[in-house]
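Written below as structure tokens is the structure these notes are about.
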Amino acid sequence: MNLTLNIWRQDGPEAPGRMVTYQLADVSGDMSFLEMLDVLNESLITKGEEPIAFDSDCREGICGMCGLMISGNAHGPVTTTTCQLHMREFHDGDSITIEPWRADAFPMIKDLVVDRSSFDRIIQAGGFISANTGSAPEAHSVPVEKRKADRAFEAAACIGCGACVAACPNASAMLFMGAKVTHLGELPQGQPERYARVVKMVAQHDHEGFGGCTNTGACADACPKEIPLDVINTLNRDLRGALGRGR
Amino acid sequence: MSETIPTPGTPLAADAAASVDGGLVHGLYRDGDKIADTAAPAGPIDKKWTTRKFEAHLVNPANRRKLSVIIVGTGLAGGAAAATLGEAGYHVKSFCYQDSPRRAHSIAAQGGINAAKNYKEDGDSTHRLFYDTVKGGDYRSRETNVYRLAEVSANIIDQCVAQGVPFAREYGGLLDNRSFGGVQVSRTFYARGQTGQQLLIGAYQALERQVAAGTVTSYTRHEMLELVVVDGRARGIIARDMVTGEIQTHLADVVVLATGGYGNVFFLSTNAMGSNVTAGWRAHRKGAYFGNPCYTQIHPTCIPVSGDHQSKLTLMSESLRNDGRIWVPKRREDCEKDPRDIPEEDRDYYLERIYPSFGNLVPRDIASRQAKNVCDEGRGVGPKVGDFRRGVYLDFTDALKRMSAEAVGEKYGNLLDMYHRITGDNPYEVPMRIYPAVHYTMGGLWVDYDLQSNVPGLFVTGEANFSDHGANRLGASALMQGLADGYFVLPNTIRDYLSHAPYPAVSEDHPAVVEARDAVQRRVDTLLSINGERTVDSFHKELGHIMWEYCGMERSEEGLRKGIDLIRSLRAEFWRNVRVLGAADTLNQSLEKAGRVADFLELGELMCIDALHRRESCGGHFRAESQTEDGEALRHDDGYLYVAAWEFGGSPDGGDTGIPILHKEDLVYQAIELKQRSYK
């Protein structure tokens, strides 16, 4: 198939950005979206133009490194990561717009690459269970109800890609944060720090410049791992609980 | 399982066939002195680790913050070590090339992690896990290291559960286990098909907790480009900030490389796009021995290549082999047919035919090689890529009849969905197609029992070292090794090294530091100034073709010699004709790739030399000249019961690779009897 690609180019954090249009011919439906960009980049280098910078690593939908806004949809038209999106989802003659995640808390680096280290700092604030190496009791000493273990797993499937933020009209990271609060809060091991955790993480989230949540649900729609919207309810419930305890 | 005593050496074995010409063996390398591991204490194998931990000197808690540790890589081995050493109070600097430590490629491991918990009361024990791992590695790993791995495996599960890793559980709330990778006990802990992800997130969270505590400083989007060796000791690294391009000097009391495997030398592999050998290769050029570089694991259940645009290969957990049946048509003329139209009697379920007792569950190396064999016979399926069809069917039709679609979905749903998404074919309706792909490299930098390389102060953990998997890695043991090294082994052994610290202060003006920094700068400048005709990827792809063709699943002396010649000329062309655009002082992904491919072009040659010198078939390394009458791998314990540890023979500062020097570490098995593997 032949495609028209409108791609955001920006030389650096302070440089002005612009949309540049490229024509790409003979795209196979078996290519992943990123392989399609690889092919474009090879042709740009051959022509002496600098290739388009974009992030990716595992290319199997689990590391969370890739993420593009594709014609207005985070990770494109189907529920998956950009690296697992395949060109058979598109048609000959399509015009596709490709942009980076846009959020104040994700500063621009270059072209389609942004800085998501704010996510790491939210985890640093409290997204963990304090269990020093060597201090753990025998694994079977604390049984975990299967229902809770399954819900913890479902929330723990978050890959930290940032699609939730990119899709949110307020650039809020509540789904990302709710997923971590739910993962750890469902487990008995996570109880001692449960309320302190949520308060610290929310404070860091706001400090980073993420927006407030207005329950639009755009985050869960965009999430490639289908993290359910109700993790935000869990977060809010724990936050109310924490504030009620005077934390 | 039947096991036979090895046949005595055949004329092909060992050095009998090695020609020595002008001091060069096979015209390619020199023989060096033998080496041995001197770090493991004496005593019975089940007491060695306890003894070593006791004998390792202590570091006063008040002194720890004055001691600095550089850890490169944030996967299971690096992330766990950084977190643990931070908790202990050392001053840790953690480096990764990704934008977050959470993205290291350990995250992509699907299947599970072994531990000798014996929760199923099915006869498992530390000794059995040890035995299975040594046997699975085809008796080419170091016994003492593997025993310790099995010994600490149970602690890993305890640690991960305490961190909140959501392992699969039974209705009673206890942990579930499954049997994995052809072993006969259920010792594999798992979190659906995302075990690596969950374990890595556990280590990542522990690491970030230490970042918040101020013990660990995290350097993301930083790439190590050189090792700093001062007065014979590893004292730091030169790293490039991949966003600003700044060349930075980081000095410390000790350096740990936890930088993963080098499967991307094949271009197509299941590794992440950024996975590379640069950190390890730079250390090799500075004196660290490279152990068994040719030992590569080719994983049988990957999604086949679909075309020239392919950038990576995707693995599907081999747990699919528990219920899927592997076959190809008996006749070549059926290969183009819709598989559903090929009647039962015209199908060749070749693994079940050749290995009736293990069937589809034979180890990875055997499943991979047989897939290659049937495709080489012209019975491969799927679209032609080049002149060949490279695929075999993995068929769930019987399982769907036996178990219902719901039950199959419950067990394998995420994998089948992934296959559907990538190929566009629905595995509930049409048999899947699979083909082997490069997955894991057992080789790596040589280390002793303490995980210290032959360069004092340079420790190497996880996939980056050579030690635990011999010539073939068993399923669910990579995660085990990464976390064993990171949480439990390294923090104890590095303590002994640090107890002799602080080492003399090194300034950034020290000649060795300046030299390393200048070398990095020169290389960056050179790559940007060549301005030739070919892209970095085109060189990488060509190297990958050479490696796959001549140093892949089956190797021969003739092919390897050809491979070496091709790599040498490709490397020469690279430095003459590569085109890297853009600038040094900005994010420049072509420049990053160029540096990595330059190192792969040197490593590839050493892999071929190692493969050529080892005239035996063992584990994932199959030599055409060394097989039984019915085409099975034939090992030669009389000639090759050793680790090949290669010393870099060229100038460390630049120039070409010189003549490598082979140091042999004899493998001594005292706790295990050597046997020839047989899965028939």
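Could you please give the count of residues in segment A:37-67 that are surrounded by fewer than 23 Cβ atoms within 10 Å (Cβ to Cβ) and aliphatic (A, V, I, L, M)?
Selection size over segment A:37-67: 6.
Take B:Thr628 and decide whether it is open to solvent by 10 Å² or more (accessible area, probe 1.4 Å), under 24 Å from B:Arg369 (Cα atoms) and at pLDDT below 95.
Numbers: open to solvent by 10 Å² or more (accessible area, probe 1.4 Å): yes; under 24 Å from B:Arg369 (Cα atoms): yes; at pLDDT below 95: yes.
Yes, satisfied.
Report, by residue number, each residue of segment B:168-182 that is more than 9 Å from every other protein chain (Cβ to nearest Cβ) and not in a loop (DSSP other than H, G, I, E, B).
B:Arg178
Scan segment A:28-46 and give yes if some residue there is at positive phi and either within 22 Å of the chain's Cα centre (by Cα) or of a type outside the set (A, V, I, L, M, F, W, C) (or both), otherwise no.
If we filter segment A:28-46 for residues that are at positive phi, which is where we start, we get none.
There is no residue in segment A:28-46 that is at positive phi and either within 22 Å of the chain's Cα centre (by Cα) or of a type outside the set (A, V, I, L, M, F, W, C) (or both).
Hey, among the residues in segment B:283-301 that are crowded, with 24+ Cβ neighbours inside 10 Å and over 14 Å from the mean Cα position of the chain (by Cα), which one's farthest from the other protein chains (Cβ to nearest Cβ)?
B:Tyr289
Counting only residues that are open to solvent by 40 Å² or more (accessible area, probe 1.4 Å) and either in contact with a Ser or Thr (Cβ under 8 Å, 6 or more places away or on another chain) or not in a loop (DSSP other than H, G, I, E, B) (or both), how many does segment A:173-191 have? Talk me through it step by step, then tell me what you get.
Initially, segment A:173-191 is screened for residues open to solvent by 40 Å² or more (accessible area, probe 1.4 Å), giving A:188, A:191.
Cutting the leftovers down to either in contact with a Ser or Thr (Cβ under 8 Å, 6 or more places away or on another chain) or not in a loop (DSSP other than H, G, I, E, B) (or both) gives us A:188.
Residues that pass the stated criteria total 1.
Taking only segment A:126-158 into account, find how many residues are facing chain B (nearest Cβ under 7 Å), part of a helix (DSSP H, G or I) and modelled with pLDDT of 95 or more.
Summing the residues that are facing chain B (nearest Cβ under 7 Å), part of a helix (DSSP H, G or I) and modelled with pLDDT of 95 or more in segment A:126-158 gives 6.
Every residue in segment B:40-74 that is in contact (Cβ under 8 Å) with a residue 24 or more places away in the chain, open to solvent by 20 Å² or more (accessible area, probe 1.4 Å) and small (Gly, Ala, Ser), please.
Listed by number, the residues that qualify are B:Ala40, B:Ser68.
Looking at (1) more than 26 Å from B:Arg221 (Cα to Cα); (2) within 22 Å of the chain's Cα centre (by Cα), which one does A:Arg102 not meet, given that it meets all the others?
Only one criterion is unmet by A:Arg102, namely (1).
Out of B:Leu490, B:Leu483, which single residue is over 15 Å from the mean Cα position of the chain (by Cα) and within 14 Å of chain A (Cβ to nearest Cβ)? Don't jump to the end; show me each part of the working.
On the way: B:Leu483 fails: over 15 Å from the mean Cα position of the chain (by Cα).
Exactly one residue qualifies, and that residue is B:Leu490.
Considering only residues that are among the hydroxyl-bearing types (Ser, Thr, Tyr) and within 12 Å of B:Ala116 (Cα to Cα), look in segment B:144-158 and name the one that is farthest from the other protein chains (Cβ to nearest Cβ).
Step one: of segment B:144-158, the residues among the hydroxyl-bearing types (Ser, Thr, Tyr) are B:144, B:147, B:153.
Next, only the ones that are within 12 Å of B:Ala116 (Cα to Cα) stay: B:147, B:153.
Details: B:Tyr147: 20, B:Ser153: 12 Å.
Selected residue: B:Tyr147.
Condition first: open to solvent by 10 Å² or more (accessible area, probe 1.4 Å) and in contact (Cβ under 8 Å) with a residue 24 or more places away in the chain. Now tell me which residues in segment B:378-392 satisfy that. Break it down into steps so the answer makes sense when it comes.
First, pick out the residues of segment B:378-392 that are open to solvent by 10 Å² or more (accessible area, probe 1.4 Å): B:378-379, B:382-390.
The answer is B:Gly378, B:Arg379, B:Gly382, B:Pro383, B:Val385, B:Arg389, B:Arg390.
What number of residues in segment B:544-570 are of a type in the set (D, E, K, R) and touching a residue at least 40 places away in the same chain (Cβ under 8 Å)? Quick ask: steps written out before the conclusion?
Going through segment B:544-570, the residues of a type in the set (D, E, K, R) turn out to be B:549, B:554-555, B:557-558, B:561-562, B:565, B:568.
Among the residues that remain, those that are also touching a residue at least 40 places away in the same chain (Cβ under 8 Å) are: B:554-555, B:557, B:561.
Selection size over segment B:544-570: 4.
Name every residue in segment A:28-37 that is aliphatic (A, V, I, L, M) and facing chain B (nearest Cβ under 9 Å), in order of residue number. Even if it seems obvious, please write down each step before you answer.
Pass one, segment A:28-37, residues aliphatic (A, V, I, L, M): A:31, A:34, A:36-37.
Once the filter is applied, which keeps residues that are aliphatic (A, V, I, L, M) and facing chain B (nearest Cβ under 9 Å), segment A:28-37 yields A:Met31, A:Leu34, A:Met36.
Counting just the residues of segment A:49-66 that are more than 7 Å from chain B (Cβ to nearest Cβ) and not aliphatic (A, V, I, L, M), which one comes out farthest from B:Asn531 (Cα to Cα)?
We begin by selecting, within segment A:49-66, every residue more than 7 Å from chain B (Cβ to nearest Cβ); these are A:49, A:52, A:54, A:61, A:66.
Then keep just the ones that are not aliphatic (A, V, I, L, M); that gives A:49, A:54, A:61, A:66.
Numbers: A:Glu49: 12, A:Phe54: 22, A:Gly61: 34, A:Cys66: 29 Å.
Here the residue is A:Gly61.
Taking segment A:77-97 only, how many residues are crowded, with 23+ Cβ neighbours inside 10 Å and either at pLDDT below 95 or away from chain B (no Cβ under 12 Å) (or both)?
1
What are the pairs with Cβ atoms under 8 angstrom where one residue, in segment A:3-31, is more than 14 Å from A:Lys110 (Cβ to Cβ) and the other, located anywhere, is modelled with pLDDT under 95 and surrounded by fewer than 16 Cβ atoms within 10 Å (Cβ to Cβ)? Sequence gap at least six, or different chains.
Close Cβ pairs (under 8 Å, with a partner that is modelled with pLDDT under 95 and surrounded by fewer than 16 Cβ atoms within 10 Å (Cβ to Cβ)) amount to A:Ser28/B:Gly307; A:Gly29/B:Gly424; A:Asp30/B:Gly307; A:Asp30/B:Gly424; A:Met31/B:Gly307.
So, in segment B:641-680, of the ones that are among the β-branched types (Val, Ile, Thr) and part of a strand (DSSP E or B), which residue ends up most open to solvent (accessible area, probe 1.4 Å)? Step through it out loud before you land on a result.
Kept after step one, since they are among the β-branched types (Val, Ile, Thr), are these residues of segment B:641-680: B:643, B:657, B:659, B:661, B:668, B:672.
If we keep only those that are part of a strand (DSSP E or B) too, we end up with B:643, B:661.
Values: B:Val643: 0, B:Ile661: 41 Å².
Step by step, filter segment B:641-680, then rank; the result is B:Ile661.
Would you point out which residue out of B:Val165, B:Val185, B:Val161 is β-branched (Val, Ile, Thr) and more than 9 Å from every other protein chain (Cβ to nearest Cβ)? Give the steps one after another, and end with the answer.
Details: B:Val165 fails: more than 9 Å from every other protein chain (Cβ to nearest Cβ); B:Val161 fails: more than 9 Å from every other protein chain (Cβ to nearest Cβ).
Only one candidate qualifies: B:Val185.
So, of the residues in segment B:109-132 that are closer than 22 Å to B:Tyr262 by Cα and touching a strand residue (DSSP E or B) at 6+ places or on another chain (Cβ under 8 Å), which turns out to be nearest to the other protein chains (Cβ to nearest Cβ)? Give the steps one after another, and end with the answer.
Filtering segment B:109-132 for residues closer than 22 Å to B:Tyr262 by Cα gives B:109-113.
Within this subset, residues satisfying the condition of being touching a strand residue (DSSP E or B) at 6+ places or on another chain (Cβ under 8 Å) are B:110-113.
On the way: B:Gln110: 9, B:Gly111: 13, B:Gly112: 14, B:Ile113: 12 Å.
For segment B:109-132, the residue satisfying everything is B:Gln110.
Hey, does segment B:463-480 have a residue that's farther than 30 Å from A:Asp38 by Cβ, modelled with pLDDT of 95 or more, acidic (Asp, Glu) and not in a loop (DSSP other than H, G, I, E, B)?
Within segment B:463-480, not a single residue is farther than 30 Å from A:Asp38 by Cβ, modelled with pLDDT of 95 or more, acidic (Asp, Glu) and not in a loop (DSSP other than H, G, I, E, B).
Please work out if B:Ala77 is in a helix (DSSP H, G or I) and touching a residue at least 12 places away in the same chain (Cβ under 8 Å). Don't jump to the end; show me each part of the working.
Working: in a helix (DSSP H, G or I): yes; touching a residue at least 12 places away in the same chain (Cβ under 8 Å): yes.
In short, yes.
Could you list, in sequence order, the residues of segment A:104-125 that are more than 8 Å from chain B (Cβ to nearest Cβ) and open to solvent by 20 Å² or more (accessible area, probe 1.4 Å)?
A:Asp104, A:Pro107, A:Met108, A:Arg121
Anything in segment B:188-211 that is facing chain A (nearest Cβ under 7 Å) and either assigned to a strand (DSSP E or B) or surrounded by fewer than 21 Cβ atoms within 10 Å (Cβ to Cβ) (or both)? List them, or say none.
B:Ala191
Just to be sure I understand, how many residues within segment B:260-280 are away from every other protein chain (no Cβ under 14 Å) and either under 17 Å from B:Gly79 (Cβ atoms) or touching a strand residue (DSSP E or B) at 6+ places or on another chain (Cβ under 8 Å) (or both)? Quick ask: steps written out before the conclusion?
Applying the first criterion (away from every other protein chain (no Cβ under 14 Å)) to segment B:260-280 yields B:262, B:265-266, B:277-280.
Filter once more, keeping what is either under 17 Å from B:Gly79 (Cβ atoms) or touching a strand residue (DSSP E or B) at 6+ places or on another chain (Cβ under 8 Å) (or both): B:262, B:266, B:278-280.
So the answer is 5.
The values are calculated or read from the model by the stated rules, or taken from the named source; none is laboratory data. The structure displayed is predicted, hence computed values, not measured ones. When we count neighbours, we look across all protein chains shown, and the Cβ atoms used for this are built from the backbone with ideal geometry, even at glycine. Heavy atoms of the whole protein, side chains included, go into the accessibility calculation; ligands, DNA and RNA do not. Shrake-Rupley method; radii C 1.70, N 1.55, O 1.52, S 1.80 Å.
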